[in-house]
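Here is the structure we will look at, set down as structure tokens.
The values are calculated or read from the model by the stated rules, or taken from the named source; none is laboratory data. Bear in mind that the values here come from a model prediction, so they are computed numbers and not experimental data. All Cβ positions, even for glycine, are placed from backbone atoms using ideal geometry, and neighbour counts span all protein chains on display.
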Amino acid sequence: MTAPDDDARPIAVVGASAAGLAAAEALRRFGWAGPLILIGDEPHLPYDRPPLSKQLLHGAWEPDRLLLRTKDQLEPLGLDLRLGTRATGLDAATRTLTLDGGERLDCAGVIIATGVAARTLPGADRIAGIHTLRTLDDALALRGELTGTTGSTGTTGTTGSTDVTGQVGTSGTDRRLVIVGNGVLGCEAAAVARELGHTVTLVGRTAIPMAEAVGTEIGELLAEEHRARGVELRTGEADGFETTGEGATEGEGTGGANPVRVTAVRLTDGTRLPADLVLLAIGSEPAVQWLADPALDTTDGLRCDAYCAAAPGVYAAGDVARWDHPAHDRPLRFEHRMNATEQGMAAARNLLAELAEASELSEPSQSVGAGTDHPAQERRPFAPVPYFWSDQYAIKIQAYGVTGGADRVETTVLHRDERRAVALYGRDGTATGVLAAGLPPRQVRALRAVIATPLPWEEARDRLRAATAGA
Amino acid sequence: MKITLDADKCCAAGQCVLIAPEVFDQRDEDGIVVLLDDAPPAEQHEAVREAAAICPAAVIEIHA
């Protein structure tokens, strides 16, 4: 394993969640032996986010179960791990990163995997009882209030430690939880809160949950299940909150030891929804504000080419990256767990290929990866078959390809009461995505082939029918 | 190579079966991963490493 030895500059990976970790591991696997810095703004070791709105919120899992790697597993990577550290700037031309402590890092390459941040509403951060759900600390704070085992303050930053344990389902006085936003996150949280016995109202701008992601018919199937489980579904948009004391939404910042507490959510149509707790699940914003370099396009994520490159030597991966998927005719950005890993690996491979090419031009014998199991490869366009899943109650939804932005959806409900269905999604005459709810694993896997490469709509529909025959 | 699984964490994505069908399978009833071969032959190692890296629930652990 050789790094170009005239070049002790590090590769820095900004973002220490699934995509950043996958990138760091892949850099080593593909032969980068030079310094490797992994920077994460949270204090925790890399952990997995999908369980936050599922097993962790439920109380079935404790935070240590979410760790993607143990300390021992990270050790061999030889990382310079900077947790609780935020990157504040990048000069793309020189690949110079600035960190929040003022340190400047002159890098051989940079992989940006800063993810997204939960969207919120004005003033919400000053009202106790209003939550977002993106980080481990967010999830623990919400869980603490749902189970009544802590106050409203959340954890205080020690790695994954918490004494919010074990009381689930036994301690809870029922709380009235209003969830604003009926996308995937809102739906999953609603399912967990109902399972814990709370009173749940799910409010969405569209009447049908997850309609944007999965279409109206699958959404309606989910709506039926939520209703059957006792969730109240509401159409509307949050306009403000009522609180203890003044009842004002955007009054003076309290910030004191005794902040005002939410008592209700007001909708734009005047409806008042009483609430002990509120979860804002109204989407997220790519974490690109720190990238002020005009050489970078940060409109809805960091814009990349088909190789996940945003600039020479600067790559992006995961929720933050908007890139040209070769099989689709528009730049795409996915907030999917699987994409984080796959794109982290792809960005790492392509960055190393670029560095190897550059060093071969200057000094052929010093190429990155020489003498390893993984000789430097050519850069390859990143062309995954996207995958996502969602668990709500006993329903597992799995989808391959692109289901959002479809201009055509064909849904086949196989068994309404058992919530079994398949759906095909298309755009401009081409099938782009396929979804299954409640199908056996073998059939679900077979669906991947239906849209692995874009097919004309009719052909994909025939293949889908063949793949789900007898389901 | 020796493989162990933390199957309780499995989210039934099935990616391991797509990548290394000789080594992994899924239970019919819930899609949870099943290990077919905990010490696969060398020609499977690359696929197993990829499956472990891609698994969205970090279920697969490889011991040298």
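What to note about this one:
- A:W32 being farther than 13 Å from A:T135 by Cβ and crowded, with 18+ Cβ neighbours inside 10 Å: yes
- Taken over the stretch A:54-107, residues that are at positive phi and out of contact with any Leu (no Cβ under 8 Å at 6 or more places or on another chain) amount to 3.
- Boolean, A:G172 is over 24 Å from the mean Cα position of the chain (by Cα) and either modelled with pLDDT of 95 or more or closer than 21 Å to A:L121 by Cβ (or both): no
One line per residue, one yes/no per condition, for (1) at pLDDT 95 or above; (2) outside any loop (DSSP other than H, G, I, E, B):
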{"site": "A:E342", "(1), (2)": "yes, yes"}
{"site": "A:R349", "(1), (2)": "yes, yes"}
{"site": "A:A353", "(1), (2)": "yes, yes"}
{"site": "A:S359", "(1), (2)": "no, yes"}
{"site": "A:A376", "(1), (2)": "no, no"}
{"site": "A:R380", "(1), (2)": "yes, no"}
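- Looking across A:V409, A:V450, A:V413, one residue alone is surrounded by 20 or more Cβ atoms within 10 Å (Cβ to Cβ) and not in a loop (DSSP other than H, G, I, E, B). It is A:V450.
- Within the stretch A:310-344, considering residues that are more than 23 Å from A:A213 (Cβ to Cβ) and crowded, with 24+ Cβ neighbours inside 10 Å, the one nearest to the chain's Cα centre (by Cα): A:Y315
- Residues (touching a residue at least 12 places away in the same chain (Cβ under 8 Å), over 30 Å from A:L279 (Cβ atoms) and either surrounded by fewer than 20 Cβ atoms within 10 Å (Cβ to Cβ) or not assigned by the TED database to the domain that holds A:W323 (or both)) located in the stretch A:89-106: A:G89, A:D91, A:A92, A:A93, A:T94, A:L99, A:G101, A:D106
- Cβ-Cβ under 6 Å pairs, at least 6 apart or on other chains, the stretch A:173-185 side under 15 Å from A:E195 (Cα atoms), far side charged (D, E, K, R) and assigned to a loop (DSSP other than H, G, I, E, B): A:R175/A:D276; A:R176/A:D276
- Counting residues in the stretch A:434-449 that are outside the structural domain of A:R333 (by the TED database) and farther than 23 Å from B:C10 by Cα gives zero.
- Selection within the stretch B:4-45 - buried (at least 21 other Cβ atoms within 10 Å of the Cβ) and of a type in the set (V, I, T): B:V17, B:V23, B:V33
- Residues of the stretch B:1-25 that are farther than 16 Å from B:A53 by Cβ, facing chain A (nearest Cβ under 9 Å) and in contact with a helix residue (DSSP H, G or I) (Cβ under 8 Å, 6 or more places away or on another chain): B:A12, B:D25.
- Where A:P384 falls short, out of the listed (1) in a loop (DSSP other than H, G, I, E, B); (2) away from chain B (no Cβ under 14 Å); (3) at pLDDT 95 or above: (2)
- Matching residues, the stretch A:429-449, being within 23 Å of the chain's Cα centre (by Cα), hydrophobic (A, V, I, L, M, F, W, C) and facing chain B (nearest Cβ under 10 Å): A:V444
- Out of A:L52, A:L66, A:L79, A:L57, one residue alone is away from chain B (no Cβ under 14 Å), modelled with pLDDT of 95 or more, touching a helix residue (DSSP H, G or I) at 6+ places or on another chain (Cβ under 7 Å) and within 21 Å of A:R337 (Cα to Cα). It is A:L57.
- Residue that is farthest from the other protein chains (Cβ to nearest Cβ) [pool: residues in the stretch A:35-45 that are under 16 Å from the mean Cα position of the chain (by Cα) and surrounded by fewer than 24 Cβ atoms within 10 Å (Cβ to Cβ)]: A:D41
- Residue match in the stretch A:450-471 (condition: touching a Pro at 6+ places or on another chain (Cβ under 9 Å) and within 30 Å of A:A189 (Cα to Cα)): yes
- Filter result for A:V402 (within 21 Å of the chain's Cα centre (by Cα) and more than 14 Å from chain B (Cβ to nearest Cβ)): yes
- Filter result for B:A47 (more than 21 Å from A:G401 (Cβ to Cβ), more than 13 Å from chain A (Cβ to nearest Cβ) and assigned to a helix (DSSP H, G or I)): yes
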